[in-house]
1. So, in the stretch 83-135, of the ones that are of a type in the set (Asp, Glu) and either outside any strand (DSSP E or B) or within 14 Å of residue 71 (Cα to Cα) (or both), which residue ends up modelled with the lowest pLDDT?
2. Which of the residues spanning the stretch 95-114 are touching a residue at least 12 places away in the same chain (Cβ under 8 Å), in contact with a strand residue (DSSP E or B) (Cβ under 9 Å, 6 or more places away or on another chain), exposed (fewer than 14 other Cβ atoms within 10 Å of the Cβ) and more than 16 Å from residue 62 (Cβ to Cβ)?
3. Quick check: is even one residue across the stretch 72-82 assigned to a helix (DSSP H, G or I) and either modelled with pLDDT under 85 or surrounded by 11 or more Cβ atoms within 10 Å (Cβ to Cβ) (or both)?
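The values are calculated or read from the model by the stated rules, or taken from the named source; none is laboratory data. Predicted model only: the values in this text are computed from it and were never measured. Here Cβ is always computed from backbone atoms with ideal geometry, including for glycine, and neighbour counts include all displayed protein chains.
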Amino acid sequence: MANFDIDSERRCAYSGCGRIFSGRADKVFCSDQCRNAAGRQKRRKEKWNEPECFDYINRMLKRNHWILKQHCEGDLAEVNKWLLLDRGFNFKFMTGLADSKDGTVFKVCYDYGWTDGDEGKILIFKLPWIVNDGWYGSFK
């Protein structure tokens, strides 16, 4: 059973405060504001422990997905490679690769894919989702 000694005085555990307060023995912070600020500080510190490249990679993948979605209004579209590059598309960032029966390699970014076409064109398509085999099964 916890000790609920009301007379004990302690310092607030939030590094930005340090006030002396009194209250229950299991109370750690002097106020809700300090408790919330300490929680935000802890989450911010945990986020910084991730490699910096994670955020950059996620931004690039989201940008690529957005650009593919803008240019593929139906299930299939063909656009010039320079148009994608002009919009900020980065061909190095993708979420997967797949190859068809005829040996064509498809690059995938979430639910859109692309492959090189003729004369500097890029063929963009929306991936078919097949519940039984997954989308990869549709190419084999």
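1. Residue satisfying both the conditions and the ranking: 133.
2. 99, 100
3. Looking through the stretch 72-82, at least one residue is assigned to a helix (DSSP H, G or I) and either modelled with pLDDT under 85 or surrounded by 11 or more Cβ atoms within 10 Å (Cβ to Cβ) (or both).
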